[in-house]
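Heads up, the thing below is written out as C-alpha cells.
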Amino acid sequence: MKLLQFSNQSLMLLATEAAILKSASAAGSAVNLTIDDNSDIAQNDYMFFGEVGKPKSEIFKVNAAVTAGTVIQADTLVFSHGVGTPLYRVPYNQVKFYRAETLGGDKSLLATVSIDADNEFTTYIDTTNTTGYLFFTLYNSTTAAESDYSAGFSYASISYGSRIKIREFVTSPHNWAKPLDDTLFDTLCDAAEAEIFAIKRWRFREATATFNSVASQQAYTLAEAGATDLGQIIYATYDGNPVMPIDIKSHKNLNWNVLTTGTPQTVWEWNGSLYFTPIPSAVESIVINYYKNSSGFTDETSETEVQLPIAIAFRVLQDLWATSDKEKSRYFESRYLQTISAMKINDLKQVSHFPALTDSGLDKEAVNNQVDFPTIT
C-alpha cells in the first residue's frame, strides 16, 4: 500500500493569470463572481480559488462566455469565499498517476485524481504494487490536454500509506466533516504519537527470535539473539520450557546468586543484552517472542505495518473539536482514554489488538466488540 503524492505547489508554478475576489461569493452552481479584472480569462478555463493547502481552497471551471470587465461564472463552488480571496488560472485540474516496472518500461495508468486544492498534496494509494516506478502527468479534463511525464520515482523511496489512512477516518462524515489543513493534522498526529510512545515505547507489532544458549553464559547481545529491534519481551522459552520475563528491578529484588547455573527461570533486557537466571547450563534453543521497537508511525517498512491504533484517531478528533464543540471533544476523549487505560492495565494487550484502521475503515469485528461509533450529528 504505497502512498503516491503530487505536490500541489507544482501546479501553481504553471498559473498564468491572477485576480482578486471583489465581492463575497456563496457556494452553489453557476455562481457569478466579481473580480478585479477578468482579462485573459475565458470560458472553460480552470481557476484555482484560494491558496494551496488552505481550508476552502478549490478548483472550478469557468462555464460561461466572459465579457471584458470584472465578472466570470463558476460552474460549481463547494464553499463560500470572502472578499480578497485570490484566484489563479491554471492549465490543469487533475493528476494522472502512472507506474512502470522499470524506469524505461511501459507505463500503466493507475488513477486519474482531481487536484485536492485544500491540501498540500493530491494523493493516491496504490494498494496493489510495492515495487516499480511512479510517474505522474497533469491533465485537463475538458480539453484532454496532458503534460509530459514527470521524472520516475522509485517505489522503494515512497512511503507506506499510514497517515493517509488515519486522515481518511478522521475526516469521515460522522467524525470531522470539515476541511482539515495538512499541517494541523500532522501536528496533532505527532502529539498523539508522542503521548502513546510515552506510555509504550515499542511499536505495536510482534516478532520472534530464536537462538541457542551457550553453556555458562548469562548475557546475550540483542544482535546475537537476532532481536535488535526488541522493545518488550512478551514471553520466552528455554528448551521448550517457559521463562518468565522480568525487569532489572525485579531481578535485583530476587537477589539470586549470578553464579547459579541450571535451567533459566527468568529473562530480562538491560543495556542492549538479554540476561538469564539461572545461567544456562547447556546448549539449548531459546525462543523470544517480543514487541518490536520503533520511533514512530511515519517510517513504515512494509505493508503489514501500516495499520495505526485507533487511539491516535480519537486523540486527533478530541483536539479538533476542543474549540468548537466540547461535547464531541469529550466523546472522542472517552474513546481515547479507553484504549490508553487498557494499554496501561494489561501489558500483554497492546494496541495491535485494538481496532485498527484498514482499507475499509475500522475492523468490523473489533468495532462491534470494543468501539461504539459516534451517533452525534
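The values are calculated or read from the model by the stated rules, or taken from the named source; none is laboratory data. Since the model is a prediction, treat every value here as computed from it, not as a measurement. Glycine gets a Cβ as well: all are built from the backbone with ideal geometry, and neighbour counts include every protein chain shown.
Within the stretch 1-45, track down each residue that is in a helix (DSSP H, G or I) and either buried (at least 21 other Cβ atoms within 10 Å of the Cβ) or in contact with a Pro (Cβ under 7 Å, 6 or more places away or on another chain) (or both).
Let us first name the residues in the stretch 1-45 that are in a helix (DSSP H, G or I), namely 9-12.
Hit for the stretch 1-45 is L11, nothing else.
So, F48, is that one buried (at least 16 other Cβ atoms within 10 Å of the Cβ), free of Cβ contacts under 8 Å to residues at least 40 places away in the same chain and closer than 14 Å to F79 by Cβ or not?
no
Quick test of your reading of the structure: T171 fulfils all but one of (1) crowded, with 19+ Cβ neighbours inside 10 Å; (2) of a type in the set (S, T, N, Q); (3) free of Cβ contacts under 8 Å to residues at least 12 places away in the same chain. Name the failing condition by number.
All conditions are met except number (1).
For residues that are in contact (Cβ under 8 Å) with a residue 60 or more places away in the chain and farther than 28 Å from S25 by Cβ, tally how many sit in the stretch 87-102.
First, the residues of the stretch 87-102 that are in contact (Cβ under 8 Å) with a residue 60 or more places away in the chain: 87-92, 95, 97.
Applying the additional criterion that residues be farther than 28 Å from S25 by Cβ yields 97.
Residues meeting the conditions: 1.
Of everything in the stretch 254-284, what is out of contact with any helix residue (DSSP H, G or I) (no Cβ under 9 Å at 6 or more places or on another chain), in a loop (DSSP other than H, G, I, E, B) and not polar (S, T, N, Q)? Give them in sequence order.
W256, V258, L259, P264, P278, A282, V283, E284
For the stretch 163-181, enumerate the residues that are in a helix (DSSP H, G or I) and at pLDDT 85 or above.
The answer is V170, and nothing else.
Residues are listed down the side, and each one gets a yes or a no for (1) over 22 Å from T143 (Cβ atoms); (2) touching a Gly at 6+ places or on another chain (Cβ under 8 Å); (3) outside the structural domain of S147 (by TED's automatic domain parsing); (4) aliphatic (A, V, I, L, M):
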position: G28; (1), (2), (3), (4): yes, no, yes, no
position: M47; (1), (2), (3), (4): no, no, yes, yes
position: F60; (1), (2), (3), (4): no, no, yes, no
position: G69; (1), (2), (3), (4): yes, no, yes, no
position: G84; (1), (2), (3), (4): yes, no, yes, no
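Just to be sure I understand, how many residues within the stretch 103-140 are touching a residue at least 40 places away in the same chain (Cβ under 8 Å) and among the polar types (S, T, N, Q)?
9
Which of the residues belonging to the stretch 204-253 are exposed (fewer than 15 other Cβ atoms within 10 Å of the Cβ), outside any helix (DSSP H, G or I) and among the polar types (S, T, N, Q)?
Selection gives T208, T210, N212, S216, Q217, T221, T228, N241.
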